[in-house]
Every structure is written in C-alpha cells, then in structure tokens.
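This report refers to the structure that appears directly beneath it.
The values are calculated or read from the model by the stated rules, or taken from the named source; none is laboratory data. Note that the structure is a prediction, hence the values are computed from the model and not measured. Here Cβ is always computed from backbone atoms with ideal geometry, including for glycine, and neighbour counts include all displayed protein chains.
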Amino acid sequence: MSFRSFTFSTGVSSDKDRARSILNKLYPGIREVKTPLGTETLTIATQNEIMSVYGSPRYYATISVLEDVDSMKLDRIPFPSIHQIASLCFNRVYALIVGFTQQESLELAKYIVLLGGKFTPHFNSDITVAISPTFLSSRINQVTEINIPVVTSQWVKKSFESLTCFEPNSCLLPPFSGLQFTSTDLTPSEHKRIRNLVEQNGGFWSDLYNEKTSIVISHSLCTSRKIELALKENVPIIKPSWIYDCSSKFVPHQKYLINWWCESTNKSDLFAGMSFSIHCDVNNLDVLTEIIKMNGGEMKEDASHYIVPYDFKGTGNFVTPRYIYDCVTEKELLDTKSNVLYTPLGYNLPLDDCKNKIFSLLDLPETTRQFVAEGVRIIGGKVIYKESRNSDFFVTTKSFNDKCVSSYFVIDILEKGKIPNMKCFPALPQTPLLKKICMDIIRQPKQNMQSPATAVPIESVDDFTQKVSATYSQDIIEYDLVISQSQFVSNSKGQNDPLMLMLNDER
C-alpha cells in the first residue's frame, strides 16, 4: 500500500521526528496532514488506539512498526489482512490457541495479528508456541511432545503492552493451571502432599467432588463414591505419580490415566477373546459394561466369565467387579487366583461382626493398604487412615495397644467369614518373608460357606472422606439361591445359559 499522506493521533506525543524521517524514506513525497483524508492517509497511533479501531477500513500503525520496518530494511509496512498493525515483534510467531472460549480466542487472535504474528486452532508442525489455560488437551499434548512452549494468555498481553516479544519461558503455563482436583482413598500424608503440589503448580483443590471437578487422583478404581461418579461422568481418574512427575516439568497424563476411555474412542485388547455376563445385583452395571466393551470384551449370555456380587455362592467361572477394576488399573490381565477379592467370598455380606467397625490402617505398604482397605469395606467395616479412640482395630506394622493387628487379620476374616482371635495376628514389621506368606494366603483357594436363602443388607461404601464420621448409605438386595436367567445382564438372548445349567446340575 502506498500512502500520500499521514497524520498523528492525539495519543502520540513523542518520537514524531523519527516517524517523519522513516515515512519519507518509505514513501517519498508523503505529506503530513492534520486530519485523515480517507484510506490514502496513514494514521500513526498508540497500540491501544489501534486496538479500539481494529477492523476499520482506515490504515493505522505505531511508531514501533516504523522502527521495525526500518531495522528490518523493508520497503513497505507489511499490513496483515486488516488495515491496522501495532508491531512486527511477532513476525516469527505462529501460535496455537486452544482451550479458551470463543470470545477469549478472538481477543487473543487480535493481539497476535496486530503484533505481526499468525495463529491457528489446529496443531501443525509449523507452530512455534501454544497458548492455553490448561494442559488437559490432546492438541497441547502433541505440542509438548515436540518441546514447543505452552504459555498463558498473559504472554500475549504483556508483549502487546510493551510492543516487544516476551520470552515464552517468562510466562509458561503452570502444569495444573485451570484444573480442579480432588482425591479419594489417599492417606492423610499423601493427601496433604498431593494437595500442596497441585496448588503450588497452578491448580485448584477441593475435598468435595462437584460439577467443577476436572480430575480425581487415586491409586486405583477403589470402592469410592468419587470413583463411581467419575466413571459415570467420564472425569479422568489419574494416579498420584503424575502429580509427582509434573512437579518440576509438565508431562502428558495419558500413561497415568486409569479410565483412559474417557478421552478416547479407540478400544484396547485387554479383554480380547473374553465374554462376560453381569449378575443383576452387581452395582454400576452400565459402568462395568462400558469398561468391558472399551477393553475389547464382549457381553453375552453364553459367557466365558460371570461377574457376580462378593457374597455370591456357587462354583463356576465367577469373578467380582474388583477383578475387572484391577485389570483395568494395571492394564494387564490378572490371575483370578492372585487375590482373594477377585472371586466371590461365598458368605453373607456385610458380616455382622464387622458391620460399622472402624479399621485404622497405619504405616502399611501401599499395595497392602489398598488390598486391606477394599477387603474391610466389602465385609462391612469402615476405613480410616489415622489413630482414633473410636477405632475397633488398628491394622499396622507397629504394636502400641491391644487393638493392633497385622494385615493377615483381615485376610483371615476374608477367608473364613468371621473375626478370628486378635492375639493370633499381632502387628509385626513387614519383611520380605512375611510379605510372601501374606501373598500365599491371599492366593489360596477358598471353601464356600453354606448359608440360608435370606434377604441380606449390603452396605455400599460412600465417598472416602478421611474422617471417622463418614456417612454410609445402604442398599438392600434380595438374595435367593434359586437363580433365574434374568439375573444376568448381557447383550444377547441365548436360550441355554451355561450358568443356569451348572447351577441346575449342582442341585
């Protein structure tokens, strides 16, 4: 564009002589006027004045642009698709804008264009910087994989204010920015550490699960109201190790993500070649069905595996929901004999002797803690992770009163369906030999206990609160030894259910 005249806005008060010199060099014969004479007049203004007339048919530029043109030895002012420009400091910037509202994205785009840069909402190999309020985006993950900096919107705004391209490292996006975290089934010490790291790295924390929850931190798909809600609402459930690994530099969360299907439509082959049928008394049928299908399994009546409640009685290829959840958590097909909780216990639940009893789990190895906690909840107990005068049992490796027992105490309850003599299970330090013995006990086959056909109350564990006064809801289910075909859920209507045939033959 060739200009015949130029003028200064009321906001420009200095460096006018410098501007006149550069303009006469670029456009010989150009003359200064008091007021603009249409589109042939270039108005020299401040960046804020230019922002206010963004999209106008008249041409506007700053003195900074004139200086950039002169230093870069250009023969003209390189206006973008619009008629305004504030600087050329972004002339090498190609920004990916992602994660903002439409209005916020448009605002950022204006700044970038006025600074001489380019932008896109899509990932490509030419991107030089990404601007986002959060790392929780597939496009941002692509950017981090090739070490492109991810910055906050402040990087653009600060650059515009100074008409200088700020160093991206000065405005890097904190790892947890824009995300609200909560956790479930962590020990108090780990809960505190995780919370501090989240808040130190730009995240928000709430001990409650609500509509703003972005991520649930948990070691596994444990029995928890928060886990149940996150699975139903497709909220990411991520292992604590991600928080630790991100404390110095952001790393993509995918390999730490337990319920990966909340972000992907691709199926895994974890349960490939396996088929399942779910007993109607199992909680969260829809969630289990989705997990099985997304991991390559098939739902049908003539199934290779039957998912049943923990108190189910019978022989056959039966597994519990815990088996499905742990396979998904570990991303491998586990041996059903490797954990007593993977197959039905065969006695009425909750146990009367354990119902509402408080078990304090203290100083246990992480794997043991998770197993014991799940076992206690299944038999009807309540789990806390601190010393309390209200505790009925202290499951620990250190003995400090007559209520202290080892983790084998809980294993024995699970095996036999009753509380044993506490003196037979004193709290002892964890050693490799004792750990091996513990695992051998867990893997031993169980003897199913016979019990009358009665209606049995099953206590479902509510959200983990890390408080003794946690509130638990109860669901009553009918237990009947006469199993009907309609009690199992599948996607087909087979006429000869092998489960029914086995049960009929047994009787």
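General observations
- The residues listed here are Thr336, Thr368, Thr396; of these, the one that is hydroxyl-bearing (Ser, Thr, Tyr), under 21 Å from Ile419 (Cβ atoms) and in contact with a strand residue (DSSP E or B) (Cβ under 7 Å, 6 or more places away or on another chain) is Thr396.
- Filtered by the rule that a residue be free of Cβ contacts under 8 Å to residues at least 12 places away in the same chain and either closer than 16 Å to Gly203 by Cβ or among the polar types (S, T, N, Q) (or both), the range 216-246 gives a lone residue, Asp245.
- For the range 101-115, the criterion of being of a type in the set (Gly, Ala, Ser), modelled with pLDDT of 95 or more and either touching a Cys at 6+ places or on another chain (Cβ under 7 Å) or closer than 25 Å to Gly55 by Cβ (or both) is satisfied by at least one residue.
- Any hit, the range 79-99, residues being touching a helix residue (DSSP H, G or I) at 6+ places or on another chain (Cβ under 7 Å), modelled with pLDDT under 95 and β-branched (Val, Ile, Thr): yes
- Residues located in the range 386-421, provided they are of a type in the set (A, V, I, L, M, F, W, C) and surrounded by 15 or more Cβ atoms within 10 Å (Cβ to Cβ): Phe393, Phe394, Val395, Cys404, Val405, Phe409, Val410, Ile411, Ile413, Leu414, Ile419
- Members of the range 154-185 found to be crowded, with 20+ Cβ neighbours inside 10 Å and either of a type in the set (Phe, Trp, Tyr) or touching a His at 6+ places or on another chain (Cβ under 8 Å) (or both), listed by number: Trp155, Phe160, Phe176, Phe181, Ser183, Asp185
- Hits in the range 11-39 - residues which are assigned to a helix (DSSP H, G or I) and surrounded by fewer than 16 Cβ atoms within 10 Å (Cβ to Cβ): Lys16, Asp17, Arg18, Ser21, Asn24, Lys25, Gly38, Thr39
- Evaluated against (1) at pLDDT below 95; (2) under 12 Å from Ser183 (Cβ atoms); (3) among the aliphatic types (A, V, I, L, M), Val251 falls short on exactly one condition, (2).
- If you filter the range 415-429 down to residues that are out of contact with any Phe, Trp or Tyr (no Cβ under 6 Å at 6 or more places or on another chain) and part of a loop (DSSP other than H, G, I, E, B), you find that the one that is modelled with the lowest pLDDT is Pro429.
- The listed residue being at pLDDT below 95 and not aliphatic (A, V, I, L, M), out of Thr35, Thr43, Thr62: Thr35
- Lys249 part of a helix (DSSP H, G or I), surrounded by fewer than 22 Cβ atoms within 10 Å (Cβ to Cβ) and basic (Lys, Arg): no
- Residue in the range 130-153 that is of a type outside the set (Val, Ile, Thr), surrounded by fewer than 18 Cβ atoms within 10 Å (Cβ to Cβ) and farther than 28 Å from Lys239 by Cβ present: no
- Residue within the range 71-78 that is part of a helix (DSSP H, G or I) and either under 45 Å from the mean Cα position of the chain (by Cα) or of a type in the set (Gly, Ala, Ser) (or both) present: yes
- All positions within the range 295-325 that are of a type in the set (A, V, I, L, M) and assigned to a strand (DSSP E or B): Met299, Ile307, Val319
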